[in-house]
Ligand code: DER
């Protein structure tokens with residue numbers, strides 16, 4: 001099933017890109033989960049030594065701690081040899097939508113500092129154009145959040161999108177009645193942008209979102225991906241980029 005694909009991609013990313021002595025960024029989500037597991041396994045077996053990792057969310061930090069993976073922050077190590085993380089959508093130019101799990105800010109902070117950002121996905125994430133297959137998350141400050149949501153929705157670069165404040169659990173989006181806004185590890189809110197047609201110019205959209213007052217960052221990861229490892233349910237695994 002898909003879990004096998006995620007495990008395949010996760011394990012392969014570590015086997016292909018992580019060697020002893022490296023500083024490694026650990027991603028967030030159900031696919032990155034397997035990459036973290038693999039790092040833990042190889043440290044325990046002695047195959048990997050002297051690795052220090054930077055987690056991209058509190059939940060990845062907890063998983064890494066349970067696996068006794070040595071951790072630090074960007075304050076201690078601001079350049080990483082490699083960062084491994086999942087994505088919610090991948091276009092033919094390896095531009096990504098990330099943030100489905102609400103971790104986009106720390107993910108982007110870590111992944112822009114990595115010499116190689118390796119993205120791991122099951123093949124359901126591949127798309128022709130970003131937008132319709134997965135809503136674009138935007139992390140915003142909570143202060144006057146509805147004003148910021150409206151400002152984002154009015155941007156020409158994301159014209160036609162439907163902007164929704166994410167409620168309930170920031171990671172799973174699990175909702176129940178009367179839910180409060182989801183809150184990220186950084187104490188911010190998430191607005192999800194739903195598109196019926198692909199975003200015309202992802203670079204322009206990324207710039208416009210980043211330049212919007214009240215927006216902290218967004219889930220468009222453009223010109224950042226070194227390689228994408230794509231695994232299929234049938235056990236196939238291929239590399240792009
Ligand atoms: O929230 C995130 O950015 C995650 O990496 C997400 O994009 C991928 O999560 P998944 O591997 O559970 O689909």
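The values are calculated or read from the model by the stated rules, or taken from the named source; none is laboratory data. All values reported here derive from a predicted model rather than from experimental measurement. Backbone-built Cβ (ideal geometry, glycine too); neighbour counts: all protein chains shown.
Some values worked out for this structure:
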{"read-out": "Check on residue 175, at pLDDT below 95, surrounded by fewer than 18 Cβ atoms within 10 Å (Cβ to Cβ) and in contact with a strand residue (DSSP E or B) (Cβ under 9 Å, 6 or more places away or on another chain)", "value": "yes"}
{"read-out": "Enumeration of residues in segment 80-107 that are more than 9 Å from the ligand (Cβ to nearest atom) and not in a strand (DSSP E or B)", "value": "91, 92, 93, 94, 95, 105, 106"}
{"read-out": "Flag if residue 178 is out of contact with any helix residue (DSSP H, G or I) (no Cβ under 8 Å at 6 or more places or on another chain), on the phi > 0 side of the Ramachandran plot and in contact (Cβ under 8 Å) with a residue 12 or more places away in the chain", "value": "no"}
{"read-out": "Subset tally (residues that are more than 15 Å from residue 48 (Cα to Cα) and buried (at least 24 other Cβ atoms within 10 Å of the Cβ)) for segment 5-24", "value": "3"}
{"read-out": "Number of the exception - residue 41 against (1) free of Cβ contacts under 8 Å to residues at least 60 places away in the same chain; (2) more than 26 Å from residue 202 (Cβ to Cβ); (3) within 14 Å of the ligand (Cβ to nearest atom); (4) surrounded by fewer than 17 Cβ atoms within 10 Å (Cβ to Cβ)", "value": "(3)"}
{"read-out": "Residue in segment 35-55 that is touching a strand residue (DSSP E or B) at 6+ places or on another chain (Cβ under 6 Å), at negative phi and assigned to a helix (DSSP H, G or I) present", "value": "yes"}
{"read-out": "Any pair with Cβ under 6 angstrom, 6 or more apart, that starts in segment 94-120 at a residue that is on the phi > 0 side of the Ramachandran plot and touching a residue at least 40 places away in the same chain (Cβ under 8 Å) and ends at one that is within 12 Å of the ligand (Cβ to nearest atom) and outside any strand (DSSP E or B)", "value": "99/219; 102/170; 102/171; 102/184"}
{"read-out": "Criterion (free of Cβ contacts under 8 Å to residues at least 40 places away in the same chain and closer than 30 Å to residue 13 by Cβ) met by exactly one of 234, 192", "value": "234"}
{"read-out": "Positions within segment 111-124 being surrounded by fewer than 24 Cβ atoms within 10 Å (Cβ to Cβ) and assigned to a helix (DSSP H, G or I), in sequence order", "value": "123, 124"}
{"read-out": "Tally, over segment 14-34, of residues that are farther than 18 Å from residue 112 by Cβ and either more than 14 Å from the ligand (Cβ to nearest atom) or in a helix (DSSP H, G or I) (or both)", "value": "9"}
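Residue-wise test of (1) surrounded by 16 or more Cβ atoms within 10 Å (Cβ to Cβ); (2) within 15 Å of the ligand (Cβ to nearest atom).
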{"site": "153", "(1), (2)": "yes, no"}
{"site": "162", "(1), (2)": "no, no"}
{"site": "199", "(1), (2)": "yes, no"}
{"site": "208", "(1), (2)": "yes, no"}
{"site": "233", "(1), (2)": "no, yes"}
